[in-house]
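The values are calculated or read from the model by the stated rules, or taken from the named source; none is laboratory data. All figures in this text were calculated on a predicted structure; none of them were measured in a lab. Positions of Cβ are generated from backbone atoms using ideal geometry, with glycine treated the same way; all protein chains shown enter the neighbour counts. SASA here: full protein model, heavy atoms, side chains in, ligands and nucleic acids out. Shrake-Rupley method; radii C 1.70, N 1.55, O 1.52, S 1.80 Å.
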Amino acid sequence: MYRLHLNENLFVSEKFIKKVVLEAAKEVDVRLYPEFYGKRLALKIAEKYGLEEENILIYGGLEPFLHVFASYFFNKNVVIVEPTFEFYSKVFRSSGVRIKSALLTTPSFSLDSEKVLDIAKKSSAILLASPNNPTGNQFRKNQVLNIIENFDGLIIVDEAYAEYGRYSLIKNILEYENLIILRTFSKAWGLAGIRIGYIASSQKIINIFKEYSSPVSFSSLSLEIAIKILSYEDKIMSWIREMKETKKWFIERLREIDVLYPYPSDANFVLVKVLNMNSKKLVEKLYKRGFIVKDVSYMPLCKNHIRITVPPKDIGEKLIEAMKTSLDKTLV
Ligand SMILES: Cc1ncc(COP(=O)(O)O)c(C=O)c1O
């Protein structure tokens with residue numbers, strides 16, 4: 001089965017990742033608890049972006065960190081810019097956070113900052129992902145900055161896919177005390193299985209969230225792997241470039257199929273509108289042919305849309321063929 005439904009990194013070589021894992025394993029004594037708050041990793045990340053170690057809070061993945069946010073925002077209003085990563089609303093709803101939804105503007109899923117600010121009046125926080133999942137676009141920087149500058153509460157920008165995008169706002173945390181950036185090793189760094197992510201923000205905000213989070217939410221091995229991979233940034237960058245080239249090719253091939261409309265993407269996946277066909281049926285047909293892609297029809301504004309992780313070219317070619325045959329037999 002080809003897994004094209006979770007936006008994992010299929011370009012980083014498995015052999016290389018195994019090598020990094022083995023190197024890390026040699027240096028770790030798992031009889032001991034991990035270093036509290038992953039100080040050495042926090043320091044390395046801070047150095048990379050010209051920040052202080054105190055601006056970084058390491059956590060065992062971003063998705064689990066949402067529970068930390070949820071306990072902080074219990075009974076408070078949080079605006080989520082949608083359609084987006086479904087776990088925000090799932091975790092918040094089940095934890096007593098009051099959610100308000102601010103919809104992106106179709107047809108290109110752009111961010112209307114004034115509309116979001118209007119909806120967010122008297123809310124405690126605004127949460128948005130940029131590049132966004134499932135739409136794949138990175139919002140215009142001036143629109144995001146307009147929200148940051150004119151909102152009194154916390155603004156959380158999930159940059160899980162920033163390495164694929166055109167810019168990052170991580171350095172802007174030095175300028176805006178209310179800005180929180182989320183980053184992860186799961187996507188561009190090819191380490192979804194080790195579960196390491198982090199938040200970057202002002203020292204004041206980091207200290208608040210430290211009170212709500214475990215100092216050891218990750219394993220010492222994961223921590224060491226993340227530290228090690230940072231020294232291979234050039235290699236990772238070359239896989240990012242390869243993914244981007246392949247993405248261009250993949251989108252062109254999808255565009256050649258009449259009933260598919262692929263959106264532009266600043267991430268490692270593509271949102272595709274399925275015209276005049278049932279997207280759920282298409283997903284089922286593809287599954288039978290060995291490809292798992294995600295039907296996102298249940299998300300707001302995404303009726304009859306699917307999301308596909310950009311595959312390496314050889315898999316992409318097979319997928320395009322499978323698409324063509326599946327579509328022939330997929331009726332409304
Ligand atoms: C926008 C976004 N944020 C966060 C995550 C999950 O990050 P992590 O693997 O660090 O939990 C995902 C995974 O798909 C995502 O799409």
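What to note about this one:
- Residue satisfying all of: in the range 226-251; assigned by TED's automatic domain parsing to the domain that holds I320 and in contact with a strand residue (DSSP E or B) (Cβ under 9 Å, 6 or more places away or on another chain); farthest from G190 (Cα to Cα) among these: I251
- If the condition is being open to solvent by 10 Å² or more (accessible area, probe 1.4 Å), over 20 Å from K228 (Cα atoms) and touching a strand residue (DSSP E or B) at 6+ places or on another chain (Cβ under 7 Å), then the range 184-205 contributes only I205.
- Qualifying residue in the range 169-177 (condition: modelled with pLDDT of 95 or more, within 16 Å of the ligand (Cβ to nearest atom) and either under 27 Å from I308 (Cα atoms) or open to solvent by less than 40 Å² (accessible area, probe 1.4 Å) (or both)): yes
- Filter result (in contact (Cβ under 8 Å) with a residue 60 or more places away in the chain and either assigned by TED's automatic domain parsing to the domain that holds P300 or away from the ligand (no atom under 12 Å from the Cβ) (or both)) within the range 83-111: S101, L103, L104, T106, S108, F109
- Restricting F36, F16 to those that are open to solvent by 80 Å² or more (accessible area, probe 1.4 Å) and either outside the structural domain of S201 (by TED's automatic domain parsing) or over 30 Å from K285 (Cα atoms) (or both) reduces the list to F36.
- Test set (1) basic (K, R); (2) more than 19 Å from S13 (Cα to Cα); (3) surrounded by 15 or more Cβ atoms within 10 Å (Cβ to Cβ) - K244 fails condition number: (2)
- Qualifying residue in the range 72-90 (condition: under 17 Å from the mean Cα position of the chain (by Cα), among the hydrophobic types (A, V, I, L, M, F, W, C) and in a strand (DSSP E or B)): yes
- Being β-branched (V, I, T), surrounded by 18 or more Cβ atoms within 10 Å (Cβ to Cβ) and more than 10 Å from the ligand (Cβ to nearest atom) is a description that applies to I181.
- Check on E114, more than 16 Å from the ligand (Cβ to nearest atom), in a helix (DSSP H, G or I), within 30 Å of E224 (Cβ to Cβ) and of a type outside the set (A, V, I, L, M, F, W, C): no
- Yes/no for N276 being of a type outside the set (K, R) and over 21 Å from Y2 (Cα atoms): yes
- Any chance S217 is polar (S, T, N, Q) and open to solvent by 30 Å² or more (accessible area, probe 1.4 Å): yes
- If you check L22, L66 for being on the phi < 0 side of the Ramachandran plot and open to solvent by 30 Å² or more (accessible area, probe 1.4 Å), only one passes: L22.
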